[in-house]
Amino acid sequence: MSSAGRREADRPDSPGAARSADAIPAPAGLRPPVSDLVDVALPLPLDRTFVYRVPEGVSPPPAGGRVVVGFGRRRVVGFAVGPVAAAPAGVRVRPLLEVVDREPVLSASEIALAGWIARYYVAPLGLVLRLFFPPGGTYAVAEGEAAAPARAPERLHVLPADAPPAGEDLDALARAPAQQAVWEAARRLPGPVEQAAFCRSAGVSPGAVRALALRGWIRVEPRPVDRDPYADAPLPEPAPEGPLTEAQATAVAAIREALTGEGGALLLEGVTGSGKTRVYVEAVAATLEAGGRAIVLVPEIGLAAPTVARFRARFGDRVAVLHSGLSDGERVGAWRRIREGLSPVVIGARSALFAPVGRAALVVVDEEHDAAYKQDETPRYWARDVAVYRAALEGAVAVLGSATPALETRTNADAGKYARRVLPARIRDRPLPPVEVVDLAAVEMVAPGLSRPLVEAMESALGAGDQTILFLNRRGFSAFLQCLDCGWVAGCPNCRISLTFHRAAPRLLCHYCAHAEPPPTACPECAGRELDHRGLGTQQVEDAVAARFPTARITRMDLDTTGPRGAHARIYSAMTAREIDVLVGTQMIAKGFDLPGVALVGVVSADTALHFPDFRSAERTFQLLVQVAGRAGRGDVPGRVLVQTWMPRHPVITAAAAHDYESFLRREMVERSGLGYPPARRLANVVVSGPEESAVEAGAERVAKRLRGRGARGVEVVGPAPCPLERLRGRARWHLLLKSESAAALEWTLWELVGAAERLVGSSARLEIDRDPLDLL
Ligand code: ADP
Ligand code: ZN
Ligand code: ZN
């Protein structure tokens, strides 16, 4: 990035800034108008833009501004990219139907960021630009409908009463007690309040409010609602905090220095309870002091109530919370407050990275390793990485916090691309709970999934009136073959992921490189004959617990039971209220649970996560175990953590048991390098899908042939193979992995592939690209 670009990006509000994009890497064409032709990006899966004509007498739309155009027989809301000198030969240029935004809506750096995301993730610019606008609103332009500028819904508000009424009026009021109550309450209002809420809290009727308003004593008027889901909910009162610890002070000083200097990214590493959130709060305070704006990303906003409470306690209503539960209208309202600078602090999930702050002086990414930061549809961006790029573009600061940093992040820190600060211990030196590893080969099983040591630990927890959480990884579609005598698991000789057992053939298949072999009849390690491919489900474990502890109150929580939104919150509050003794669930219950009543955490099988056919399975298992262990012993009860496994000496298990990230990291980096997985090399997943398996397979073969034949210099091609999820929503799926030392070579190859996609896979199949994939499912 050039220094000129940084200076420009510092002044997003300066007149014309959105147009003077020469200095920064921006989509082509953001130059002063030279013709009446404008390039438009459409929010459709198309890797190109389209030229339209600005009708006479209409001023051209600003770069990034929304326009309505005809596309085929549809009306579509698109984004003006900028003027173009000429249309492609032989194309009939249609006029713009409407210019929605007259003023620039995006800053120069936001437009540059969109351009970068589109290029890097090989995604249509129109789909990327859509991230910067609240869903709903103008987007939902159906055929024949005009686009209206997005507006927040309006409701009646009661305004604070100012001048007291004259003497004789007060007498009249005394004869109307209901109206007097309204007046008293309105006098005490700090600001406008929604009428419905006013009536509820003052115990008055809307009729009395109307009567008083008619007399002119109070004012009632329609105003946009900026409802925030946390506004009514009582938030947990944050505990008072003392001065910063030395480690916290060092981290805050580094962030302050970066804020006033060149900016940059900083990895904040520290176990749960080491004081990271406090550092974020101080960093935001420093940002606001300097007049800047901040974005705080959390993996799931619905689970972030304690974090939100701490920011609210410090910054009050300057905090905007972008919640997935917001209606479209509410989101538009929040967007407006942010754009107007009323809420200089934005907290939300990954999409909050695109809130209209203009320039984000600070972006915090909490639990940066979390998979929720990867978007699983086009554009498939990693919010963590985009946050770092956004900060670089704006000369701003990105703070990435985690107890178990993603290998990519830690590698960047070790390479000096990010600064790194460590919070080495828990606040007040509270110990981390010890993790006891239960060797399944050496213990008696009392019931399916329940070993004697686990059952005994549960008995004593129940006896003491404490709560237990049992974790079981989602088994899902993938079955690996495991020896029940020694724990051996069938793995791919090429890819070192476990082979998936297919019952029909029967055969063992690698879903990365398509290596296949017949399942052995005996274990190659110990000659044992009991080879299992079924594993345990949460339902089975729940039944076993119920049979063993008939009086215990048991609840199961997994994908089947948490379908409706809010189930997670319900179970959480039932746990807090001690209405549940034993909670059985998948790792989703590890997130955001801070439960002082939990004395025992049992991991039913660490192996399920470890043998998931995925190159990140070791990392995910390590993160899961560390996170799960952090759930025990949060209160005064000392916690116990029991992890059942067939592989008690597996380095991932021993490292997690010792809370030893460094030893996990060293070993896993060697593994990844040996096989050319990230972060050692750059990776992309190319998926071909369609209704017809044979057409999909043939298309994938043609893609592989082309890549191997030419064009893919410096890129290794693995596959094609059926995806681990062989069918999804009625479509057959095949994939290829592209690995490269060079980001540039990979990017070039991917764009070249996109250009040829239709010819290669045919019209019935589709080619999708996932760069820096989270998984290869
Ligand atoms: P993390 O985000 O790493 O989990 P927190 O910032 O939530 O850590 O801190 C853990 C606990 O310690 C919280 O209850 C917090 O209020 C408290 N805490 C944080 N910093 C301090 C401090 N400097 N002095 C006293 N208590 C602190
Ligand atoms: Zn064996
Ligand atoms: Zn393989």
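The values are calculated or read from the model by the stated rules, or taken from the named source; none is laboratory data. Remember, it's a predicted structure, so these values are computed and weren't measured experimentally. Neighbour counts are summed over all protein chains in view; Cβ atoms, including those assigned to glycine, are modelled from backbone coordinates with ideal geometry. In case anyone asks, the SASA skips ligands and DNA or RNA and just uses the protein heavy atoms, side chains included. Shrake-Rupley method; radii C 1.70, N 1.55, O 1.52, S 1.80 Å.
Some observations on this one:
- Placing R0 at 51 angstrom, the Cβ-Cβ distance between GLU758 and ARG215 gives a FRET efficiency of 0.10 after rounding to 0.05.
- Against the criterion of solvent-accessible heavy-atom surface with a 1.4 angstrom probe, THR645, THR378 sort, most first, into THR378, THR645.
- Portion, in percent, of the accessible area of the stretch 412-521 that falls on carbon or sulfur, probe 1.4 Å: 51 percent
- Rough spin-label spacing in nm, given labels placed 7 Å along Cα→Cβ, for GLU693 and ASN494: 2.0 nm
- The order of the peptides 542-554, 353-365, 268-280 by mean Cβ neighbours within 10 Å, most packed first, is 353-365, 268-280, 542-554.
- The accessible-area ordering, largest first, of the residues HIS659, HIS369 stands as HIS659, HIS369, per a 1.4 angstrom probe.
- 1.4 Å probe accessible area per residue over the stretch 295-386, in Å²: 29 Å²
- Alpha carbon convex hull of the stretch 647-730, projected area averaged over orientations, nm²: 8.1 nm²
- FRET E, pair SER205, GLU300, Förster distance 45 Å, beta-carbon r, rounded to 0.05: 0.65
- Largest to smallest in accessible area, the residues HIS735, HIS323 fall in the order HIS323, HIS735 (1.4 Å probe, all protein chains included).
- Ligands, DNA and RNA excluded, the heavy atoms of MET445 present near 90 Å² of accessible surface to a 1.4 Å solvent probe.
- Extension gain for SER663 to ARG507 (0.36 nm times residue separation, less C-alpha to C-alpha distance): 52.6 nm.
- Label-point separation, ALA89 to ALA527 (7 Å along Cα→Cβ), nm: 7.8 nm
- For MET445 and ARG314, the FRET efficiency from 1/(1 + (r/R0)^6), where r spans their Cβ atoms and R0 equals 51 Å, is about 0.50.
- If the segment from GLU257 to SER35 were pulled out straight at 0.36 nm per residue, it would be longer than the present Cα-Cα gap by 75.3 nm.
- This model, with +1 at the C-beta of Lys and Arg and -1 at the C-beta of Asp and Glu, gives the stretch 399-491 a dipole about its Cα centre of some 720 debye.
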